[in-house]
Amino acid sequence: MRWTLQSKPEKEQVQKLQNELKVDEIIATLLIQRSITNFEEAKTFFRPSLSDLHNPYLMKDMDKAVSRIEKAIENRENILIFGDYDVDGTTAVSLVSSYLKSYYPNIATYIPDRYDEGYGISFKGIDYADDNGISLIIALDCGIKSIDHVQYANAKNIDFIICDHHRPGNELPNAIAVLDPKRDDCTYPYDELCGCGIGFKLIQALAQNRNQSLVDLIPYLDLVATAIGADIVPITGENRILAKFGLEVINSNPRAGIKALIQNVKKKTLTITDVVFIIAPRINAAGRVKHGNEAVALLTEFNLEQAQKFASEIEGYNIDRKNLDKQITIEALSQIEKNNEKENFTTVVYQDNWHKGVIGIVASRLIETYYRPTLVFTKSGDKLAASARSVKDFDVYNAIEACASHLEQFGGHMYAAGMTMKEENYENFKQAFENEVQKTIPNELLTPEISIDATLNFENINEKFVRILNQFEPFGPQNRTPVFITKNVNDTGYAKPIGQSDEHLKLFIKQNNSEGFSAIGFGLGNKLKLIKNQKSFDAVYCIDENEFNGNVTLQLRLKDIKNYNEI
């Protein structure tokens with residue numbers, strides 16, 4: 001692991017913020033690192049308010065989208081809500097369809113089949129709309145590059161409203177409205193919304209048009225928070241506000257479907273991390289193993305008993321998904337070893353029978369072993385389909401775009417993308433991708449990095465400090481859980497490996513004569529030798545609160561340890 005200590009802000013700036021907020025130096029430093037430099041910005045950060053959300057009509061084409069939807073309602077037209085099969089897409093479809101159905105009945109939903117139709121807007125979906133007398137399609141979390149599909153729909157007198165957050169190509173679809181803050185000509189103040197977030201801005205605009213308030217939309221925020229967590233978008237600006245209030249709904253009064261998914265979770269309060277690792281994989285499992293329609297059915301169900309049946313089925317899909325990605329990961333690692341590609345700048349693997357629904361997860365798993373931009377291909381009809389994942393700070397979308405001549409289509413963003421190609425182009429693409437990454441990736445990005453916020457002495461860790469740290473939540477990209485380094489610490493003699501294969505490390509550590517802390521290092525069992533016999537070492541960690549039998553104690557979650565002063 002590569003340890004990187006963030007540079008300290010200027011001393012005068014830290015002192016000024018300290019004085020304004022009456023906080024200690026470390027807290028002021030953490031805030032400035034998050035671009036919070038004065039009292040007003042800190043107030044917005046620590047006390048997010050729904051009133052801080054931007055006016056949705058600032059988004060290019062929002063007026064056109066609302067006008068077309070209101071016209072459809074006035075004319076009693078049939079409206080189809082179309083979305084991708086992942087968490088962002090299915091939550092977005094559930095959000096917009098359930099909102100519109102609250103006052104208008106002629107609403108249908110459509111999730112494309114991952115295997116039969118592939119990603120995004122499909123001709124089959126447009127034919128379904130045509131066959132069922134649908135004259136308006138609202139596409140969520142997809143469509144920004146669907147030039148031909150929208151043209152096909154226009155020829156059938158079907159209008160499109162595109163709500164997407166992916167990067168546009170050189171040409172926009174000829175839709176009634178294209179809502180995407182990443183459009184070059186869109187001046188909306190925040191461009192990091194997920195697909196469900198764009199869907200929320202649409203219903204916010206519709207609500208304003210109907211004299212509803214943001215309070216009326218709070219029950220929908222459990223879906224938005226779930227999508228924000230699952231899609232790994234920055235927890236800044238509007239995303240942070242929506243995530244915070246969405247988590248409050250999840251923890252107090254979630255919709256029946258989410259309640260059914262979390263009813264066996266023993267934690268009192270769920271965080272964004274819990275959303276990512278508990279709720280999102282189960283919603284995703286439906287689209288990966290069965291069909292995304294099942295996720296929408298769960299998330300739009302009002303009856304808890306029926307929702308529990310849906311959740312039980314989805315739990316079964318999730319178990320299947322775990323088994324599949326475990327097996328495919330083993331096969332992919334074997335392929336890398338066999339082809340002697342461990343030293344490559346990229347990881348690109350292909351097998352025609354791999355399950356298309358889990359190749360994205362497998363790509364993430366491979367990065368855990370070989371820390372490289374990674375593509376996992378499988379057969380999809382008469383084409384190959386791939387999921388791409390990247391390492392920190394490397395834009396895999398740009399690298400794929402540079403090799404676009406070998407591809408049929410592609411889309412995505414900096415850290416995740418998807419593509420299709422003809423099978424005969426695979427080897428040429430694989431070599432072109434390797435060459436492009438080799439040419440553009442800085443060497444240091446090929447080693448996993450731990451970004452450390454600040455140096456902290458144990459004597460500064462107390463209940464007040466942790467209470468303020470907790471107010472930094474919800475955590476996520478660009479607002480990560482603060483990571484600290486404490487130098488020259490010692491285990492008090494209690495260190496021991498734990499876990500089935502002794503893969504984890506449990507210890508109790510002190511610095512000088514300060515109060516000690518219990519600590520746990522997941523995956524650090526092999527580092528026991530570094531700390532035996534009370535050897536001094538440096539520790540990088542996050543601070544957790546551990547609850548047991550009603551008692552809350554502080555615990556350090558170690559991310560890495562090294563010999564004292566090794567860095």
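The values are calculated or read from the model by the stated rules, or taken from the named source; none is laboratory data. Remember, predicted model here, so these are calculated numbers, not experimental data. A quick note on method: Cβ atoms are made from the backbone with ideal geometry, for glycine too, and the neighbour counts reach across all protein chains shown. What goes into the accessible areas is simple: the full protein's heavy atoms, side chains included, and nothing from ligands, DNA or RNA. Shrake-Rupley method; radii C 1.70, N 1.55, O 1.52, S 1.80 Å.
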Being modelled with pLDDT under 95, farther than 30 Å from Val233 by Cβ, acidic (Asp, Glu) and surrounded by fewer than 16 Cβ atoms within 10 Å (Cβ to Cβ), is that true of even one residue in segment 489-496? no
Matching residues in segment 50-78 - criterion: being surrounded by fewer than 20 Cβ atoms within 10 Å (Cβ to Cβ), more than 26 Å from the chain's Cα centre (by Cα) and hydrophobic (A, V, I, L, M, F, W, C): Ile73
I need the full set of residues from segment 110-128 which are under 21 Å from Leu202 (Cβ atoms) and hydrophobic (A, V, I, L, M, F, W, C), in order please. Ile111, Ile121, Ile126
Of the listed residues (Ile361, Ile441), the one being β-branched (Val, Ile, Thr) and either touching a Lys or Arg at 6+ places or on another chain (Cβ under 7 Å) or modelled with pLDDT under 95 (or both) is Ile361
Pair list, Cβ < 6 Å and 6+ apart or interchain, from segment 89-109 residues that are aromatic (Phe, Trp, Tyr) to residues that are not in a loop (DSSP other than H, G, I, E, B): Tyr99/Ile203; Tyr104/Ile73
With criteria (1) over 20 Å from Ala280 (Cα atoms); (2) within 29 Å of the chain's Cα centre (by Cα); (3) open to solvent by 30 Å² or more (accessible area, probe 1.4 Å), Asp113 comes up short on (1)
How about segment 536-563: which of its residues are open to solvent by 60 Å² or more (accessible area, probe 1.4 Å) and either assigned to a strand (DSSP E or B) or touching a strand residue (DSSP E or B) at 6+ places or on another chain (Cβ under 7 Å) (or both)? Glu545, Asn546, Glu547, Phe548, Asn551, Val552, Thr553, Arg557, Lys559, Asn563
Scanning segment 284-303 for residues that are open to solvent by less than 50 Å² (accessible area, probe 1.4 Å) and part of a loop (DSSP other than H, G, I, E, B), the one farthest from Asp116 (Cα to Cα) turns out to be Glu301
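The rows are residues; the columns are (1) of a type outside the set (Gly, Ala, Ser); (2) farther than 26 Å from Gly169 by Cβ; (3) out of contact with any strand residue (DSSP E or B) (no Cβ under 8 Å at 6 or more places or on another chain); (4) in a helix (DSSP H, G or I).
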position: Ile319; (1), (2), (3), (4): yes, yes, yes, yes
position: Asn323; (1), (2), (3), (4): yes, yes, yes, yes
position: Glu337; (1), (2), (3), (4): yes, yes, yes, yes
position: Thr378; (1), (2), (3), (4): yes, no, no, no
position: Ala386; (1), (2), (3), (4): no, no, no, no
position: Tyr397; (1), (2), (3), (4): yes, no, no, yes
Does Val358 fit the bill of being part of a helix (DSSP H, G or I), crowded, with 16+ Cβ neighbours inside 10 Å, in contact (Cβ under 8 Å) with a residue 60 or more places away in the chain and not charged (D, E, K, R)? yes
With respect to Ile107, determine if the residue is modelled with pLDDT of 95 or more, in contact with a Lys or Arg (Cβ under 8 Å, 6 or more places away or on another chain) and farther than 20 Å from Ala205 by Cα. no
Phe548 passes all but one of the listed conditions (1) farther than 23 Å from Gln6 by Cβ; (2) at pLDDT below 90; (3) over 31 Å from the mean Cα position of the chain (by Cα); the exception is number (3)
State all residues of segment 287-316 that are modelled with pLDDT under 90 and either within 28 Å of Thr369 (Cβ to Cβ) or more than 24 Å from the chain's Cα centre (by Cα) (or both); if no residue qualifies, say none. Gly287, Arg288, Val289
If you scan segment 33-44, which residues turn out to be open to solvent by 20 Å² or more (accessible area, probe 1.4 Å) and either in contact (Cβ under 8 Å) with a residue 60 or more places away in the chain or not in a loop (DSSP other than H, G, I, E, B) (or both)? Gln33, Arg34, Phe39, Glu40, Glu41, Lys43, Thr44
Could you count how many residues in segment 425-482 are assigned to a helix (DSSP H, G or I), open to solvent by 40 Å² or more (accessible area, probe 1.4 Å) and charged (D, E, K, R)? 7
Evaluate segment 500-511: report whether one residue or more is in contact with a Gly (Cβ under 6 Å, 6 or more places away or on another chain) and on the phi > 0 side of the Ramachandran plot. yes
Enumeration of residues in segment 307-323 that are in contact (Cβ under 8 Å) with a residue 12 or more places away in the chain, open to solvent by less than 60 Å² (accessible area, probe 1.4 Å) and not β-branched (Val, Ile, Thr): Ala307, Phe310, Ala311, Tyr317, Asn318, Arg321
